[in-house]
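Participant: Got a structure for you, written out below as structure tokens; questions coming shortly.
Read-outs: derived from the displayed coordinates by stated rules, not from any lab. Values in this document were obtained by computation on a predicted structure and should not be read as measured data. A quick note on method: Cβ atoms are made from the backbone with ideal geometry, for glycine too, and the neighbour counts reach across all protein chains shown.
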Amino acid sequence: MNSEQETRVGVLLDESVEFSLSEICSTCHVHAELIVQLVEVGVLEPRGTEPGQWRFPGHALRRIERALNLQRDLEINLAGVALALDLLDEIDQLRSRLRMFESET
């Protein structure tokens, strides 16, 4: 394999899968402090009232990956990452609605 090729490994998760704080840190290879910061700025919304009780849905893994990529690639702070993710989510929703509308016509 040459240096320009990249192998990506993915895991297909059932929507009912949930992760604790330590599990999500281990899976995403990040420190708990970063996850706490992502919760504080609204990037993640776990169930539970404090970090020891937090449960994250499976789709949080993708959101964390996108957040880290935005932070690294665009060099924006976490508040900017939260805004960018909200806007990207809105674009995804609008595209979905547009596809539905186009399939009806």
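Participant: Consider the stretch 41-89. How many of its residues are crowded, with 17+ Cβ neighbours inside 10 Å and of a type in the set (D, E, K, R)?
Facilitator: Going through the stretch 41-89 one residue at a time, the tally reaches 1.
Participant: Give just the number: which of (1) under 20 Å from residue 18 (Cβ atoms); (2) of a type in the set (A, V, I, L, M, F, W, C); (3) in contact with a helix residue (DSSP H, G or I) (Cβ under 7 Å, 6 or more places away or on another chain) does residue 34 not satisfy?
Facilitator: (3)
Participant: Between residues in the stretch 78-105 that are touching a residue at least 40 places away in the same chain (Cβ under 8 Å) and residues that are assigned to a helix (DSSP H, G or I) and among the polar types (S, T, N, Q), which pairs lie under 9 Å by C-beta distance while being six or more apart or on different chains?
Facilitator: Qualifying pairs under 9 Å: 78/37; 78/71; 81/71.
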